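K.L.:
Have a look at this one.
The values are calculated or read from the model by the stated rules, or taken from the named source; none is laboratory data. Small disclaimer: the values here were computed from a predicted structure and weren't measured. Backbone-built Cβ (ideal geometry, glycine too); neighbour counts: all protein chains shown.
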Amino acid sequence: MEEARWTTHIGSSTCPQCGEVAVSATHPGTWRRLWRRFAFAEGVGTTLTCGNGHTWGAGSSRGYHERRLRRGRRAFKAVRIFGMVRRSRAMTPFPLTYLMAMVLGVGIGVVVDVLGPVPWWLVTVLVVAAVWLFFMSTAFWGPYRLRRADWLQLTDPPRARTEAYAAIARAVGDGELKPYALVGWSGTASLGGWGRGHGGWHTISLRFRDAGDDRRWVEVETTVGSHPEPSELRKRGLAENLVAQIPDIPSFGSSQEAQAWHARRRRDYEHRLATLKWQLRQIVVNGAVVGAEVASVDDGVAVSAEHDGVVIQILARNVAVGEIKLAPVRDLAPYLENIDS
């Protein structure tokens, strides 16, 4: 089974054994992927290799095969739409499901073939196709059914973006989302990210940047409803984001320098994450003093707090905890103006 290969430096992927940068990637061939999917109902990921010959998995190879389809835009869009529908199914069949449908189809087909003019193999094909269509149809009526925004994201991204911003602004105005802004911030402020599940909106973040110093910024994320993760898991994610911040990536004169830097960076990341300590501090939220857990690394700080049923998570750089004063946002329009700046 043929495998596709390409060789390049992948700076963000380092070997878990020796810390060297990945220099090549092997993507599974089409027949191997199909066999694994049919026999085991699982995909085959990309394999990365470092300069010392160590190999490790790197997840799905779908991106590589999609890049091969980009030569034909219409075909690529059709494949993406099919993939979107497939991933939105409420029920996913196993290969054994189709095997059982085939056996059932053969049984029905033999009876129909004896009693009528329809050949048995055509009945078998129709039964398998009906089973396949049933599972695919759950993308339109199941709990994970596709929404209009999902279709627009593929067919008309600018319009999808405009409608998404309008829907988020409505959610903020209705109180479904509860963003908080920094009081007295003199720099730019914009909408950051947002999260929406099948139960509705649950997360929104606002970004604040200093126009005169791009190394000074704050991101305030708020989560409402039943979506928030347990406190320890939430702090773990915050800590990983804090430690992963790279102040400045140097320029490298050779691949050996890049490998050495990434190896040091990986070891430093693991050490800081293991030794990071959280302390109890206080921040001001809507005029009230609220207890918060704070962790800091170099010039970065992470804050985790709760107020009035809202989970607040803050990442900041070159901003002291005492400077953080938050107030609720009722109108999102000013934060949409600078979203692309």
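K.L.:
Counting only residues that are over 23 Å from the mean Cα position of the chain (by Cα), at pLDDT 80 or above and surrounded by 14 or more Cβ atoms within 10 Å (Cβ to Cβ), give me the strands (runs of 3 or more DSSP E) lying completely in segment 232-341 with at least 3 of them.
P.N.:
On the way: elements: 279-285, 288-297, 300-307, 310-317, 325-328.
In segment 232-341, the matching strands (runs of 3 or more DSSP E) lie at 279-285, 288-297, 300-307, 325-328.
K.L.:
As an exercise: evaluate R89 against (1) closer than 30 Å to L336 by Cα; (2) of a type outside the set (G, A, S); (3) touching a residue at least 24 places away in the same chain (Cβ under 8 Å) and give the number of the one condition it does not meet.
P.N.:
That leaves (1) as the condition not met.
K.L.:
Let me ask something additional. Would you mind telling me which numbered condition in (1) closer than 21 Å to G175 by Cβ; (2) outside the structural domain of E240 (by TED's automatic domain parsing) Q313 fails?
P.N.:
(2)
K.L.:
Here's a follow-up. Are any of the residues in segment 130-145 part of a helix (DSSP H, G or I) and over 30 Å from the mean Cα position of the chain (by Cα)?
P.N.:
Step one: filter segment 130-145 for residues part of a helix (DSSP H, G or I), giving 130-141.
Restricting the remaining residues to those that are over 30 Å from the mean Cα position of the chain (by Cα) gives 130-131.
Yes, there is a match, as at least one residue in segment 130-145 is part of a helix (DSSP H, G or I) and over 30 Å from the mean Cα position of the chain (by Cα).
K.L.:
Kindly indicate whether any position in segment 125-146 is surrounded by fewer than 16 Cβ atoms within 10 Å (Cβ to Cβ), over 30 Å from L99 (Cα atoms) and among the charged types (D, E, K, R).
P.N.:
No, segment 125-146 contains no residue that is surrounded by fewer than 16 Cβ atoms within 10 Å (Cβ to Cβ), over 30 Å from L99 (Cα atoms) and among the charged types (D, E, K, R).
Results for (1) at pLDDT 70 or above; (2) in contact with a strand residue (DSSP E or B) (Cβ under 8 Å, 6 or more places away or on another chain); (3) surrounded by 15 or more Cβ atoms within 10 Å (Cβ to Cβ); (4) among the aromatic types (F, W, Y), shown as yes or no for each residue.
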| position | (1), (2), (3), (4) |
| --- | --- |
| G45 | no, yes, yes, no |
| R71 | no, no, no, no |
| M84 | yes, no, yes, no |
| V103 | yes, no, no, no |
| G107 | yes, no, no, no |
| L115 | yes, no, no, no |
| W121 | yes, no, no, yes |
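Residue-by-condition table, conditions (1) farther than 20 Å from E240 by Cβ; (2) without any contact (Cβ under 8 Å) to a residue 60 or more places away in the chain; (3) in the same structural domain as R215 (by TED's automatic domain parsing); (4) in contact with a helix residue (DSSP H, G or I) (Cβ under 8 Å, 6 or more places away or on another chain):
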| position | (1), (2), (3), (4) |
| --- | --- |
| R267 | no, no, no, no |
| E270 | no, yes, no, no |
| V285 | yes, no, yes, no |
| V290 | yes, yes, yes, no |
| A302 | no, no, yes, yes |
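K.L.:
Please find, within segment 207-217, the residue that is farthest from L332 (Cα to Cα) out of those that are hydrophobic (A, V, I, L, M, F, W, C) and surrounded by 17 or more Cβ atoms within 10 Å (Cβ to Cβ). Full working, then the answer.
P.N.:
Taking segment 207-217 and keeping what is hydrophobic (A, V, I, L, M, F, W, C), we get 208, 211, 217.
Among the residues that remain, those that are also surrounded by 17 or more Cβ atoms within 10 Å (Cβ to Cβ) are: 208, 217.
On the way: F208: 14, W217: 19 Å.
Per the stated criteria, the residue is W217.
K.L.:
Which members of segment 89-99 meet the condition of being assigned to a helix (DSSP H, G or I) and surrounded by fewer than 14 Cβ atoms within 10 Å (Cβ to Cβ)?
P.N.:
So in segment 89-99, the residues assigned to a helix (DSSP H, G or I) come out as 95-99.
Once the filter is applied, which keeps residues that are assigned to a helix (DSSP H, G or I) and surrounded by fewer than 14 Cβ atoms within 10 Å (Cβ to Cβ), segment 89-99 yields P95, L96, L99.
K.L.:
Follow-up question, since we're still on this one. I need every pair where a residue in segment 185-206 that is surrounded by fewer than 16 Cβ atoms within 10 Å (Cβ to Cβ) has its Cβ under 7 Å from the Cβ of a residue that is of a type in the set (V, I, T), sequence separation at least 6 or different chains.
P.N.:
Final answer for the pair search is G195/T203.
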